[in-house]
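Chemist: Handing you this structure, nothing more for now.
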Amino acid sequence: MKAAMAQAFRTACVNPGTISYIEAHGTATPMGDAVEINTLASGFKELSGKTKEGPDAQTPVYISSLKPCIGHGEIVSGMAALIKVVMALKHKIIPGLPGFKTLNRNISLSGSRFDITAENHPWDVLSDADGRPVPRRAAINSYGFGGVNAHAVIEEYVDKKAAADKITAGRTDAQAPHVFPLSAKSPERLTVYARNLAAFLADNDVRLADAARTLQTGRQAMEYRMALVAENKDALVEALRTFAESEAGNDGLDIDALIFTGEAEQENTLASSGDAPGTDKALAEKDLHKLAEYWANGYEVPWSLLYEEGGNNTPGERISLPGYPFDTRRCWIEIADDRPTDASAGDAGQKKEAGACAVPAPGESVRDWLIRTLCRMLKLSQDEIGPDQPLGQIGFDSYSGMRLINRIKDAYGLTVSPDVLLEYNTVAALAAYLAKEADASQLPGNGSGDPDQDKTPDEGLNPDDINPDELSPGELSPGEFNPEDVNLDELSESELDQLLKQHLSDE
């Protein structure tokens, strides 16, 4: 454990004396907790003695653990601890240890800066020996089931730029125009996105250059789009709110910003080579209005070209902004009240449902069968599965792929490899592949027009329709038969059933 601590601080080039908070593993056993805390105390003391003098020896180092809040996270306990520390840094609060009252008698904090309390504490900035401020820092200690010791040093991000004094080509940030692109999977989500961003910008001190750069390079471009051109925060917030309320673009809007809306029905690439009319000119002249309009209509704008030397836009930094407003659709699987209570009946019902899904209905096309099967597997409606939509976008994963491969085998007798699903990753492409691989006239329920081929298994076979000269070695001719002439091992299940029925009828 001490070796892991030493390696972590050595790699991070951090003085252990600048740590204000330790997120402990916390095994919740008298001996385990004592070993961890006592080892941390001695380890920090040894490591601090080998480095430059840090903060005052009386400055406390608070110890806490997430386990009293959520229990043991098992394989994700380390990640949960990391998330907790990052959130504590964000809010500048050192969390206490919930429910703590009495210290374990096997733990000794004397001679160390360690302290354990149930209360939260403000996370004050420390200073080094020269009086310079030190970024807030924390350490995370964790154990693995296999005996691995892990120790991590976490430091807050400190913006070293003087944002208030930053000049953009002779103008302050508040006076420089920027493009603010937003996109979503539906018009409704785009409206919510604009409303959320407006509320965030109104309540937080954000540089426009940072917000623009984050939206331009830190968000996926989706189908439904809108782009704003604004040169101050008030105009940007007003435009976002107006769009969220009216969804009417610029028509009748009395605002100091331009709004461009559109829908990307196909992938367009707007590169410096000039694939679209006016592209080179818009990029060279930094025509933000044209670029915003292009992007809103489905083109992919290389935003980095806006920030080349000599332009009016200085690149901002990626910052934290509201994320995508996912649809709050309930995805829980409802179970009918009349479900069978007997386990065997339930299994039979599941097999019946799976069988009904696996067998194509009479006259059903491969595409329709595929959509119906995916709807059952993924619990989606047919409206949510587009024929040209990538399967990965509807929740199709490797497990779903193996299930679909089995369904295809049951339905059409085709053996499909996982590589096929990767290559033909839409309903339309996969259906075309399956139809090509299988003889269309042999597909169940294809409605080929041939009466003999369109017979269902329930109709059986008429012995008068069988020509003995055309039978294969494993098939039977109607009428009497000699058991010595029949090889039962070569008969299929249906042929054996036919044989028994014929034999019983003859008797």
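Chemist: Find the lysine pairs in the stretch 1-160 meeting two conditions, Cα atoms under 27 Å apart and a separation of 8 or more places or different chains, and report how many there are.
Modeler: Eligible lysine pairs with Cα atoms under 27 Å apart amount to 21.
Chemist: I would also like to ask the following. At 7 Å along the Cα-to-beta-carbon direction for both Thr59 and Ala118, put a label point, then send me their distance in nm to one decimal.
Modeler: Reported label-point gap for Thr59 and Ala118 is 2.9 nm.
Chemist: Return the sequence-ordered ³J(HN,Hα) values of the stretch 3-16 in whole Hz as given by the Karplus equation 6.51 cos²θ - 1.76 cosθ + 1.60 applied to θ = phi - 60°, using x for Gly and Pro.
Modeler: 5, 5, 4, 4, 5, 5, 6, 5, 5, 7, 6, 10, 6, x
Chemist: Based on the mean of other beta carbon atoms within 10 Å per residue, what is the order of 149-158, 376-385, most packed first? Walk me through the numbers before you get to the answer.
Modeler: On the way: 149-158: 16.0, 376-385: 13.4.
Packing order, densest peptide first, comes out as 149-158, 376-385.
Chemist: Still on this structure, I have one more. What is the packing order of peptides 95-105, 217-227, taking the mean over residues of other C-beta atoms within 10 Å and listing the highest first?
Modeler: 217-227, 95-105
Chemist: Under 5 Å between amide hydrogens, which residues at least 5 positions from Leu258 or on another chain qualify, with H placed 1.01 Å from N in the peptide plane?
Modeler: It is Val229, by chain and number.
Chemist: Right, another one. Can you classify the stretch 2-155 as rounded, prolate or oblate using the Cα gyration tensor, where a ≥ b ≥ c are the square roots of its eigenvalues, rounded means a/c under 1.5, and otherwise it's prolate if a/b beats b/c and oblate if not?
Modeler: Rounded, since a/c falls under 1.5.
Chemist: Let me ask something else about it. Rounded to whole Å and sorted largest first, what semi-axes of the equivalent ellipsoid does the C-alpha gyration tensor of the stretch 352-442 yield via the square root of 5 times each eigenvalue?
Modeler: 18, 15, 13
Chemist: Using modelled amide H (1.01 Å from N, peptide plane; none on Pro or chain starts), what sits under 5 Å from the amide H of Trp123, excluding residues fewer than 5 places away?
Modeler: Hits under the 5 Å cutoff: Ile93, Ile94.
Chemist: Now for a different question. Counting other beta carbons within 10 Å of each residue's own, what order do His121, His91 fall into, fewest first?
Modeler: Details: His121 16, His91 12.
Going from sparsest to densest Cβ surroundings: His91, His121.
Chemist: Between Ser417 and Leu378, what length comes free when the chain is fully extended (0.36 nm per residue of separation minus the Cα-Cα distance, one decimal in nm)?
Modeler: Net length gain for the segment: 12.0 nm.
Chemist: Please turn the phi angles of the stretch 403-414 into ³J(HN,Hα) values with the Karplus equation 6.51 cos²θ - 1.76 cosθ + 1.60 (θ = phi - 60°), one per residue in order, whole Hz, x for glycine and proline.
Modeler: 5, 5, 4, 5, 5, 5, 4, 5, 7, 10, x, 9
Chemist: Which of Ile93, Ile63 has the fewest other C-beta atoms within 10 Å, and how do the rest follow up to the most?
Modeler: Working: Ile93 14, Ile63 26.
Listed from fewest to most nearby Cβ atoms, that is Ile93, Ile63.
Chemist: Assuming R0 = 25 Å, what is the FRET efficiency of Glu285 and Thr426, from their Cβ-Cβ distance, to the nearest 0.05?
Modeler: 0.05
Chemist: Karplus couplings for the stretch 369-381 from phi (6.51 cos²θ - 1.76 cosθ + 1.60, θ = phi - 60°), rounded to Hz, Gly and Pro as x?
Modeler: Once θ is set to phi - 60°, the couplings for the stretch 369-381 become 5, 5, 5, 4, 5, 5, 4, 5, 5, 9, 6, 10, 8 Hz.
Chemist: Now for a different question. Name the long-range amide H neighbours of Val134: under 5 Å, sequence gap of 5 or more, or other chain; modelled H, no Pro or chain starts.
Modeler: Close amide H contacts, sequence-distant or interchain: Leu126, Ser127, Asp128.
Since every read-out is calculated from the coordinates, none of them should be taken as a lab result. Quantities reported herein were computed from a predicted structural model and do not represent experimental measurements. Every residue, glycine as well, gets a Cβ built from its backbone with ideal geometry; the counts of neighbours run over all protein chains shown.
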